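S.K.: Sharing a structure, written as structure tokens. Questions coming.
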Amino acid sequence: MASHSPISAPATWPTWLRNLPIILAALGALGILVGYVSSKDHGMQVGYSYLLAYMFFLSICLGGLFLVLLHHLFDAMWSVPIRRVCEHIAFLLPVMAVLFIPIALLAKNIYPWMTINPNNDHSLHAKSALINPTAFYVVAILIFAIWSFLSYKLRAWSLEQDRTGSAKCTYAMRFYSAWGIFAFAFTLTMAAIFWMKSLQHQWFSTMYGVYYFAGSVWTTYATMYVLGLVLRDTGPLRDVMRPRQFLDLGVMFFVFTVFYAYISFSQYFLIWNAAIPEETFWYVLREHGTWWQIGMLMIFGHFLLPFLSLLRIDFKLKIAVMGPLAAWAWIMHFCDMSFNITPVLQVFRKARAMAEAGHGELAHNMTHAGLKPDGFAIHWLDLASMAFIGGVLAFMFVKYLKAHPAYPQKDPRMAETMGVYVPSSTEGSVAYGGAK
């Protein structure tokens with residue numbers, strides 16, 4: 001196996017590009033601070049913009065963790081070269097725990113139910129055992145504790161394998177993946193429910209966790225394709241990234257294109273078919289203004305375009321196809337997160353203004369005042385939040401890459417991945433015996 005040293009940014013890159021994560025984080029933090037200080041809506045726009053960016057990047061971190069778990073559960077061969085990169089992405093989850101603090105502080109200006117008396121809202125009262133401020137913070141702490149522990153252990157044993165090559169490391173990573181996949185499914189579902197779905201606590205959907213999961217892994221595979229290209233061309237993964245890895249990343253991107261479409265359509269179809277007001281109002285609200293066009297974009301842009309583009313097997317190996325598709329996946333995922341989050345801000349802002357003006361209570365205004373969202377729009381605070389969180393995560397990711405080898409050094413499947421046949425000790429003895 002070729003030797004490898006930790007990466008550093010290529011010398012040919014200009015200084016500003018090597019410092020881009022810090023620049024983005026600094027400018028984003030400044031924008032968020034200015035937006036909060038100059039806010040005239042109790043910091044609601046800042047909170048929702050930050051939540052939008054947070055859920056976007058959280059999905060990629062969770063996708064990285066899922067790819068690591070999947071690798072060990074199926075003893076995968078093809079994904080060995082990208083496993084370390086996925087481990088680094090997963091280990092950004094402790095960083096996401098710190099970045100969650102602004103959401104925790106602004107929760108009352110983000111989640112309408114935080115300021116509604118459960119006795120004045122039947123749907124909130126019925127769910128008050130789960131949807132309450134204490135549960136919100138306790139569950140968040142437990143979720144981040146599980147994610148941090150799991151991602152830390154998986155990466156720690158992987159790095160230990162680099163040092164010793166012991167089979168014990170492989171068994172340990174399989175052990176953590178065996179129970180970790182169940183913990184992952186449960187905690188991701190709880191995170192999606194508490195941090196996004198509860199924005200409209202009246203709504204019912206048993207598929208929402210899977211819906212968020214499908215979009216998360218879809219976006220992560222697109223991201224991994226680009227990272228694989230960049231790290232191959234700049235050196236760290238040049239010796240191990242082969243067409244097989246890019247083909248399988250493209251195949252999995254295609255698979256989750258179909259899976260996301262299946263889950264999102266199933267959620268919509270089941271709610272539409274049942275025609276229960278507590279469920280249908282979520283979609284009805286998003287048919288107003290330009291949100292209708294965003295809904296159509298989810299159908300044709302999130303599914304049909306990548307589906308048709310990836311049908312040909314050779315397109316999965318063409319950078320001219322996969323590069324733009326990966327960028328398109330980020331745009332579609334941003335629109336998807338905005339479709340889930342931003343309409344609530346537009347209605348919440350109007351309902352709170354009416355309540356402060358003495359026109360009914362907030363609970364009544366949120367459900368019975370007939371308020372409609374304005375339409376899709378990208379606020380400059382959305383961009384500032386994306387820059388801040390993305391910059392911080394990119395800085396930490398590059399720091400991890402510089403500190404450790406970019407791919408597993410002594411993984412027992414690496415030879416198979418490279419197409420190298422290594423005879424067993426028994427085969428070697430027979431061969432030598434026969435020669436004699």
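S.K.: On the given criteria, is R232 basic (K, R) and not in a helix (DSSP H, G or I)?
M.R.: no
S.K.: Take region 194-208 and flag every residue that is touching a Phe, Trp or Tyr at 6+ places or on another chain (Cβ under 9 Å) and either at pLDDT 95 or above or not hydrophobic (A, V, I, L, M, F, W, C) (or both).
M.R.: Matches in region 194-208: F194, W195, M196, K197, S198, L199, Q200, H201, Q202, S205.
S.K.: Pull out all pairs, ordered by first then second residue, where Cβ-Cβ is under 6 Å, the residues are six or more apart or on different chains, the first lies in region 108-135 and is among the aliphatic types (A, V, I, L, M), and the second is at pLDDT below 95 and part of a loop (DSSP other than H, G, I, E, B).
M.R.: Close Cβ pairs (under 6 Å, with a partner that is at pLDDT below 95 and part of a loop (DSSP other than H, G, I, E, B)) amount to L124/I116; L124/H201; I131/H201.
S.K.: Any idea how many residues of region 238-289 are on the phi > 0 side of the Ramachandran plot and surrounded by fewer than 15 Cβ atoms within 10 Å (Cβ to Cβ)? Don't jump to the end; show me each part of the working.
M.R.: Our first condition is that a residue be on the phi > 0 side of the Ramachandran plot; within region 238-289, this holds for 275, 289.
From the residues that got through so far, the ones that are surrounded by fewer than 15 Cβ atoms within 10 Å (Cβ to Cβ) too are 275.
Residues that pass the stated criteria total 1.
S.K.: May I pose another question? Considering only residues of region 268-282 that are more than 24 Å from the chain's Cα centre (by Cα) and without any contact (Cβ under 8 Å) to a residue 40 or more places away in the chain, which is farthest from S198 (Cα to Cα)?
M.R.: N273
S.K.: Say we look at region 283-292 and pick out the residues that are in contact (Cβ under 8 Å) with a residue 40 or more places away in the chain and under 24 Å from the mean Cα position of the chain (by Cα); which of these is farthest from A387 (Cα to Cα)? Steps first, answer last, please.
M.R.: Residues of region 283-292 that are in contact (Cβ under 8 Å) with a residue 40 or more places away in the chain, as a first pass: 285-286, 288-291.
Now restrict to residues that are under 24 Å from the mean Cα position of the chain (by Cα): 286, 291.
On the way: R286: 27, W291: 24 Å.
Per the stated criteria, the residue is R286.
S.K.: Also: Can you tell me how many residues within region 16-33 are crowded, with 16+ Cβ neighbours inside 10 Å and over 15 Å from A394 (Cα atoms)?
M.R.: Initial filter on region 16-33 (crowded, with 16+ Cβ neighbours inside 10 Å): 20-21, 24-25, 28-29, 31-32.
Retained after the next criterion (residues that are over 15 Å from A394 (Cα atoms)): 31-32.
Total satisfying the criteria: 2.
S.K.: Sort out for me the helices (runs of 4 or more DSSP H) sitting completely within region 34-129 that have 2 or more residues that are of a type in the set (S, T, N, Q) and either buried (at least 19 other Cβ atoms within 10 Å of the Cβ) or touching a helix residue (DSSP H, G or I) at 6+ places or on another chain (Cβ under 9 Å) (or both).
M.R.: Working: elements: 44-73, 80-90, 93-99, 101-105, 107-110, 122-126.
In region 34-129, 44-73 are the helices (runs of 4 or more DSSP H) which contain 2 or more residues that are of a type in the set (S, T, N, Q) and either buried (at least 19 other Cβ atoms within 10 Å of the Cβ) or touching a helix residue (DSSP H, G or I) at 6+ places or on another chain (Cβ under 9 Å) (or both).
S.K.: Another question, then. Does G375 count as modelled with pLDDT under 90 and not in a helix (DSSP H, G or I)? Quick ask: steps written out before the conclusion?
M.R.: Details: modelled with pLDDT under 90: no; not in a helix (DSSP H, G or I): yes.
Here the answer is no, as G375 does not meet what is asked.
S.K.: Right, A387: under 23 Å from the mean Cα position of the chain (by Cα), at pLDDT 95 or above, within 27 Å of V46 (Cα to Cα) and surrounded by 18 or more Cβ atoms within 10 Å (Cβ to Cβ) or not? Working first, answer last.
M.R.: Details: under 23 Å from the mean Cα position of the chain (by Cα): yes; at pLDDT 95 or above: yes; within 27 Å of V46 (Cα to Cα): yes; surrounded by 18 or more Cβ atoms within 10 Å (Cβ to Cβ): yes.
For A387, the condition - under 23 Å from the mean Cα position of the chain (by Cα), at pLDDT 95 or above, within 27 Å of V46 (Cα to Cα) and surrounded by 18 or more Cβ atoms within 10 Å (Cβ to Cβ) - is met.
S.K.: Continuing with this model, one more query. Which of the residues spanning region 121-162 are more than 30 Å from P412 (Cα to Cα), of a type outside the set (S, T, Y) and in contact with a Pro (Cβ under 7 Å, 6 or more places away or on another chain)?
M.R.: Those that are more than 30 Å from P412 (Cα to Cα), of a type outside the set (S, T, Y) and in contact with a Pro (Cβ under 7 Å, 6 or more places away or on another chain): L124, H125.
S.K.: Note down all Cβ pairs under 7 Å where the first residue falls in region 397-421 and is under 30 Å from P21 (Cα atoms), the second is modelled with pLDDT of 90 or more and part of a loop (DSSP other than H, G, I, E, B), and they're at least six residues apart or on different chains.
M.R.: Sorted first by the residue in region 397-421, then by its partner, the pairs are F397/L92; Y400/F91; A406/L237; Y407/L237; Y407/V240.
S.K.: Just checking, which of A357, A363 is farther than 18 Å from Y111 by Cα and either surrounded by 20 or more Cβ atoms within 10 Å (Cβ to Cβ) or of a type in the set (G, A, S) (or both)?
M.R.: On the way: A363 fails: farther than 18 Å from Y111 by Cα.
None of the other options fit; the residue is A357.
S.K.: Would you mind telling me which numbered condition in (1) aromatic (F, W, Y); (2) over 30 Å from K372 (Cα atoms); (3) under 21 Å from the mean Cα position of the chain (by Cα) F265 fails?
M.R.: All conditions are met except number (2).
S.K.: Could you list all residues from region 304-332 that are touching a residue at least 12 places away in the same chain (Cβ under 8 Å) and of a type in the set (K, R)?
M.R.: Matches in region 304-332: K316 only.
S.K.: Does M252 satisfy the condition of being part of a helix (DSSP H, G or I), closer than 27 Å to M298 by Cα and in contact with a Cys (Cβ under 9 Å, 6 or more places away or on another chain)? Give the derivation first.
M.R.: Details: part of a helix (DSSP H, G or I): yes; closer than 27 Å to M298 by Cα: yes; in contact with a Cys (Cβ under 9 Å, 6 or more places away or on another chain): no.
Answer is no for this residue.
S.K.: Shifting gears a bit: Does A403 satisfy the criteria of being out of contact with any helix residue (DSSP H, G or I) (no Cβ under 9 Å at 6 or more places or on another chain) and either buried (at least 20 other Cβ atoms within 10 Å of the Cβ) or under 30 Å from T115 (Cα atoms) (or both)? Can you show your working first?
M.R.: Details: out of contact with any helix residue (DSSP H, G or I) (no Cβ under 9 Å at 6 or more places or on another chain): yes; either buried (at least 20 other Cβ atoms within 10 Å of the Cβ) or under 30 Å from T115 (Cα atoms) (or both): no.
When the stated conditions are applied, A403 does not pass them.
S.K.: Something else about it: How many residues are hydroxyl-bearing (S, T, Y), farther than 18 Å from A129 by Cβ and surrounded by 18 or more Cβ atoms within 10 Å (Cβ to Cβ) when one looks only at region 170-212? Give the derivation first.
M.R.: Initially, region 170-212 is screened for residues hydroxyl-bearing (S, T, Y), giving 170-171, 176-177, 187, 189, 198, 205-206, 208, 211-212.
Of the ones still in play, those that are also farther than 18 Å from A129 by Cβ are 170-171, 176-177, 187, 205, 208, 211-212.
This time we only want the ones that are surrounded by 18 or more Cβ atoms within 10 Å (Cβ to Cβ), so: 170, 176-177, 187, 208, 211-212.
Total satisfying the criteria: 7.
The values are calculated or read from the model by the stated rules, or taken from the named source; none is laboratory data. What you see is a predicted model; the values in this text were computed from it and never measured. FYI the Cβ positions are ideal-geometry reconstructions off the backbone, even for glycines, and counts take in every protein chain you see.
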